[in-house]
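> Quick one: the structure is below, questions incoming.
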Amino acid sequence: MEMRPAPKPADPIGTVHLVGAGPGDPELLTLRAARLIAAARLIVHDGLVDPAILAMAPADARLISVAKSRSRHTMPQDAINALLVREALAGNDVVRLKGGDPFVFGRGGEEAEACRAAGVPVAVVPGISAALGAAAAAGIALTHRDAASTVSFVAGQCKGLADQDWTGLAGHGRTLVIYMGLATAAAITDKLIADGLSPAMPVAVIENATRPGMRVLRGVLAGLDRIVADHAVKSPALIVIGEVAARADASELAFIAETVR
Ligand code: SAH
């Protein structure tokens, strides 16, 4: 009888781990994220991921940056999706590291869909989203019982701002947190005031939350774009609008200045 060679097992497909890196401070990683990073062979990361977190990877791990910024797209989303799929199909486990949480304005949904469509297994590791990290670091209780019973997260970037319906998201008893809203601060102010929000509503702008050089700037809605311009606030920054934004006191902020390295 003719001897046939045993069939070769198919190359295993790697898993894509969509991992939230939190707002910056490495101590705000989840244990699972820290474990995956420390064991990674390949990390595909955004620009928002802190260098101190990337330094936790093994020295010989491959690190690929797909950094994005508003004006400079290092790699279009389709190319990122294709890269993840290609590496996984080649048998490599991929740690796809994203700032904050992968499913909060992180385009993790698209990456997960692209992987699943190609038959690549996906695992999602949640992270502390910037709104939660920034609120903690600035001493702003997003739903302080005396000041807010709802909180909303919105994206404030130029594209589509005019079409977004924010009615009812901000106002008395409500907290609105705006991601990616620096460049559109003036348009955001106009939109909210046109919707009936008081120009005197407290606001806080939190730049580099939980990172070195963090700043918390406070004021009122009517002065939002001036805060951003006068203090030359740079990305990444969040805008918090609502009564809770006025509640943190100076002693809390002094404490934060000491704890944020
Ligand atoms: N997936 C991320 C958000 C990505 S969108 C998350 O869950 O946090 C990028 C926006 O997040 C930035 O434009 C900024 O508005 C906000 N952001 C991220 N990190 C931040 C930080 N350390 N401080 C302030 N804002 C931050």
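The values are calculated or read from the model by the stated rules, or taken from the named source; none is laboratory data. Nothing here was measured: the structure is a model prediction, and the numbers come from that model. Cβ atoms come from the backbone with ideal geometry, glycine included; neighbour counts cover every protein chain shown. Heads up: the accessible areas ignore ligands, DNA and RNA and are worked out on the full protein's heavy atoms, side chains in. Shrake-Rupley method; radii C 1.70, N 1.55, O 1.52, S 1.80 Å.
> Considering the convex hull of the alpha carbon atoms of the range 131-252, report its projected area averaged over all viewing directions, in nm², one decimal.
Working: hull surface 26.9 nm².
In nm², the orientation-averaged hull projection of the range 131-252 is 6.7.
> For the chain, what is the accessible area per residue in Å² when the probe is 1.4 Å? Before the final figure, lay out the partial values.
On the way: 13250 Å² over 261 residues.
So the chain comes to 51 Å² accessible per residue, rounded to a whole number.
> Determine the calculated [θ] at 222 nm for the chain from helices alone, applying -39500 (n - 2.57) to every DSSP H run no shorter than 4 residues and normalising by the residue count; nearest 500 deg cm²/dmol. Intermediate results must be reported in sequence, preceding the final value.
On the way: 8 runs with 71 residues, N = 261.
That comes out to -7500 deg cm²/dmol.
> Considering only DSSP beta bridges where both residues belong to the chain, give the percentage that are antiparallel (nearest 5).
Given both bridge residues lie in the chain, the antiparallel proportion sits at roughly 45 percent.
> Could you tell me what percent of the DSSP beta bridges with both partners in the range 16-128 are antiparallel, to the nearest 5? Kindly include the intermediate steps, with their values, before the conclusion.
Numbers: 2 of 18 bridges.
Antiparallel bridges: around 10 percent, rounded to the nearest 5.
> Between 232, 170, 130, which gets the highest mean-square fluctuation from a Gaussian network model of the chain, Cα cutoff 10 Å?
Largest GNM mean-square fluctuation: 232.
> Taking the dipole about the Cα centre of the range 24-103, with the C-beta of Lys and Arg at +1 and of Asp and Glu at -1, give me whichever of 44, 77, 57 is farthest to the positive side.
Farthest along the dipole direction, towards plus: 77.
> Between residue 187 and residue 59, what is the spin-label point distance in nm, taking each point 7 Å from the Cα along the Cα→C-beta axis?
Simple spin-label model gives 4.8 nm for this pair.
> Restricting everything to alpha-carbon atoms, can you work out Rg to Rh for the chain with a Kirkwood hydrodynamic radius?
Details: Rg = 21.2 Å, Rh = 19.8 Å.
Rg divided by Rh gives 1.07.
> Give me the Å³ per residue figure for the convex hull around the C-alpha atoms of the range 92-180. Please report the intermediate quantities before stating the final value.
Values: hull volume 11.6 nm³, N = 89.
So the per-residue hull volume is 130 Å³.
> Let me ask another. Rounded if a/c is under 1.5, else prolate if a/b is larger than b/c, else oblate: which is the range 16-128, with a ≥ b ≥ c the root eigenvalues of its Cα gyration tensor?
Details: a/c = 1.41, a/b = 1.19, b/c = 1.18.
Rounded, because the longest to shortest axis ratio a/c is under 1.5.
> How far is it, in nm, from the label point at residue 155 to the one at residue 229 when both lie 7 Å from their Cα along the line to the Cβ?
It works out to 2.7 nm between the two label points.
> Further question on the same structure: With a 1.4 Å probe and all protein chains left in place, how much of the accessible area of the chain comes from carbon and sulfur atoms, in whole percent?
Working: 7620 of 13250 Å².
The value for the chain is 58 percent carbon and sulfur by accessible area.
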